[in-house]
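Visitor: Pasting a structure below so you can have a look.
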Amino acid sequence: MARDLSKNLQGIAGDVIVDDASRAAYADDFGRIVHKIPDAVLIPRDAADLAKLVQYANKKKLNIGIRGMGHSMLGQAQIGRGVLIDMSALDSISILDNDRVEVEAGSTWGAVMAETAAAKRTLPVINDTFLSVGGSLSTAGFGPTTWNKGLMVDNTLELEVVTGSGELLRCSESTNPDLFLAVLSGLGQCAIITRAVMKLVAAPTHVHFTKFFYADDAIRAAHDLAFLAKDGRFNHLDLRSRTYPFGGLEYYIEGGAFYDDPDEPKLDDLRKGLHASSFEPKTWTYEEYYRRAETCYSCIPAPKPSLYLTVPASKFDAFVKNTLSDPSTSAYIAPWFSIWRRDAQKRPLARVADEEFIYRTQFNRVLPNSADIEAFLALNRALYEHARHLGGTRLTTSAIPFEPQDWERHYGPAWPAFKTAKEKYDPGNVLGSSVNVFAKA
């Protein structure tokens, strides 16, 4: 297959990789659980390269996988039998005007932020800056401002894509809207994102950034997080945990208030009504703020079967207490939480709990290499089913094995339109097999 691929893709601008050592380097991802070596790898240099590959794949009935930064939990950025597309060379960025920036899908958000901040503009929602544009938009994309600004897909204005039949198309809410809505949070099932036009807003000059500490009291911290979401004093809102040197967890809220120098808000005003045991304030320039996490500190060579859920706020306390108080479910967990306004999220394939306020309930796990991975994947499934019973959902990046019937249940009322788009734009079902959303014939 590799020889035929090189022959049939002659004249493309990109590179076709077929040697064993280079292909083996792609048999890994963030989760370190799945390891699949692709038959070949294409590093495209333009959208035409992608279109040629997809057209060839349809003729030969080949599967295609897509990889940005490889930040997947369970092999979603890998493929065994088929061709893997490494999107990293598609990284151009162009500011169109004060309100829009066009970026290629292989760009990282850090590069986008550097370009836009130089023009005193910013994205409304910033994901981890080492992640890719295409990967984030395929899975929804969230950040510390999602609580009232929506997901990254909610701030996407237009896409350029190569469909599963090899067509290069533009789509938006007014042009090919069925395709647009099927690609945003669509896990690469209908088309490959090549470019995205993202919304821009004015960037602040500074951020007053405070960590509020709550010892080992996750619920009290979560209640204060909800108070802050209703109050609106912070732009950046997140709740994280870290391990004490001698065991146990400490929880802390991150509150970031954006401002233009010299109008810095007063710490006493930002602290009002909170129950934190201590706090740690900083003043950052906006550049220091968005560059605070430019590398993936948890990208270490260990299995990471992490679980990302959304849970209705009314069910959060009981769900989290039950999970964290049971040694069998809390093993190796480092919890992160945020609270989101449901009305800020509008894209149909970004499935989240249906209540005015919802918690993103993230259970990160880094396991020893000797751990029983299958047991932890089964535990993730059990926790997901519990959350689903309470009205919750999974976020698509979670390490939960899913069959096509599980995805149909997950997408619920959005499934019929998604399935129709799949049949229209990828009739040969050459895209997205790594995620197992649509069964192969």
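The values are calculated or read from the model by the stated rules, or taken from the named source; none is laboratory data. The shown structure was predicted, so the numbers you read here are calculated from the model rather than taken from an experiment. When we count neighbours, we look across all protein chains shown, and the Cβ atoms used for this are built from the backbone with ideal geometry, even at glycine. We work out accessible area using only protein heavy atoms, side chains counted, and drop any ligands, DNA or RNA first. Shrake-Rupley method; radii C 1.70, N 1.55, O 1.52, S 1.80 Å.
Visitor: Residue by residue, what Karplus-based ³J(HN,Hα) values in Hz, rounded to whole numbers, does the range 424-434 have, using 6.51, -1.76 and 1.60 with θ = phi - 60° and x for Gly and Pro?
Guide: So the Karplus estimates, Gly and Pro as x, are 7, 9, 9, x, x, 6, 8, 9, x, 5, 5 Hz.
Visitor: Determine how large the accessible area of residue 299 is when every protein chain is in place; take a 1.4 Å probe and give Å² rounded to the nearest 10.
Guide: Looks like 70 Å² after rounding.
Visitor: Taking the Cα centre of the range 342-426 as the origin and placing charges on Cβ (Lys, Arg +1; Asp, Glu -1), which of 405, 370, 345 is farthest toward the positive end of the dipole?
Guide: Checked the options; the winner is 345.
Visitor: What list of ³J(HN,Hα) couplings, whole Hz, do you get for the range 368-373 from phi and the Karplus terms 6.51, -1.76, 1.60, once you set θ to phi - 60° and write x for glycine and proline?
Guide: x, 4, 7, 5, 7, 4
Visitor: Distance from the Cα centre of the range 219-246 to that of the range 397-430, in angstrom?
Guide: After rounding, the separation between the Cα centres reads 34 Å.
Visitor: Could you work out the local net charge near residue 157, counting Lys and Arg as +1, Asp and Glu as -1, over the other residues with Cβ closer than 15 Å to its Cβ?
Guide: With Lys, Arg at +1 and Asp, Glu at -1, the neighbours total +1.
Visitor: Which semi-axis lengths, in whole Å and largest first, follow from the square roots of five times the eigenvalues of the Cα gyration tensor of the chain?
Guide: Its equivalent ellipsoid spans semi-axes of 36, 25, 20 Å.
Visitor: May I pose another question? Which cysteines in the chain lack any other cysteine whose Cβ sits under 4.7 Å from their own Cβ?
Guide: 171, 190
Visitor: List the pairs from 59/424; 36/422; 304/419; 346/422; 60/346 whose alpha-carbon separation is above 28 Å, in the order I gave them.
Guide: Correct reply: 304/419; 60/346.
Visitor: Something else about it: Is there a quick way to get the dipole size of the range 199-352? I mean about its Cα centre, with the Cβ of Lys and Arg at +1 and of Asp and Glu at -1; what is the value in debye to the nearest 20?
Guide: Charge dipole of the range 199-352: 720 debye, to the nearest 20.
Visitor: Check the straight Cα-Cα distances from residue 230 and name the aspartates and glutamates below 19 Å, setting aside those fewer than 8 residues away within the same chain.
Guide: Those aspartates and glutamates meeting the cut-off are 238, 254, 268, 269, 317, 343, 354, 355, 356.
Visitor: For residue 120 and residue 326 in one chain, what is 0.36 nm times their gap in residues minus the Cα-Cα distance, to one decimal in nm?
Guide: Here the segment from residue 120 to residue 326 would lengthen by 69.4 nm.
Visitor: Using the Cβ atoms and a cut-off under 14 Å, what net charge is assigned to the surroundings of residue 239, where Lys and Arg are +1 and Asp and Glu are -1?
Guide: With Lys, Arg at +1 and Asp, Glu at -1, the neighbours total -2.
Visitor: While we're on this one: By how many degrees, between 0 and 90 and to the nearest 10, does the Cα long axis of helix 47-60 differ from the longest principal axis of the chain?
Guide: Its long axis makes an angle of about 60 degrees.
Visitor: Here is a further query. Magnitude of the Cβ-charge dipole of the range 15-111, K/R +1 and D/E -1, about the Cα centre, nearest 20 debye?
Guide: Dipole about the Cα centre, nearest 20: 600 debye.
Visitor: What size of dipole, in debye to the nearest 20, comes out for the chain about its Cα centre when the only charges are +1 on Lys and Arg C-beta atoms and -1 on Asp and Glu C-beta atoms?
Guide: That gives a dipole near 900 debye.
Visitor: Okay, moving on. Need the C-alpha centroid separation for the range 48-98 versus the range 250-297, integer Å.
Guide: When both Cα centres are located, 37 Å separates them.
Visitor: Which aspartates and glutamates does residue 120 reach when only Cα atoms under 15 Å apart count, and residues fewer than 8 places away in its own chain are ignored?
Guide: 97, 99, 260, 261, 287, 288
Visitor: Just the accessible area per residue of the range 120-221, please: how many Å² with a 1.4 Å probe?
Guide: For the range 120-221, the solvent-accessible area averages 28 Å² per residue.
Visitor: Further, regarding this structure: Per 0.36 nm of contour for each residue apart, how much would the distance between residue 389 and residue 287 grow if the chain were fully extended, relative to their Cα-Cα spacing?
Guide: Between residue 389 and residue 287, full extension yields an extra 32.5 nm.
Visitor: Taking amide H positions as placed in the peptide plane 1.01 Å from N, state which residues far from residue 63 in sequence (5 or more) or on other chains have amide H under 5 Å from it.
Guide: Correct list: 83.
Visitor: Heavy atoms only, probe 1.4 Å: what % of the accessible area of the chain goes to carbon and sulfur, would you let me know?
Guide: Answer for the chain: carbon and sulfur cover 49 percent of the accessible area.
Visitor: A further question on this structure: For the range 239-366, what does the accessible surface come to per residue with a 1.4 Å probe? Please give it in Å².
Guide: Roughly 49 Å² per residue, with all protein chains present.
Visitor: Where does the chain land at 222 nm, in deg cm²/dmol rounded to the nearest 500, when only DSSP H runs of n ≥ 4 count, each adding -39500 (n - 2.57), divided by all residues?
Guide: -8500 deg cm²/dmol
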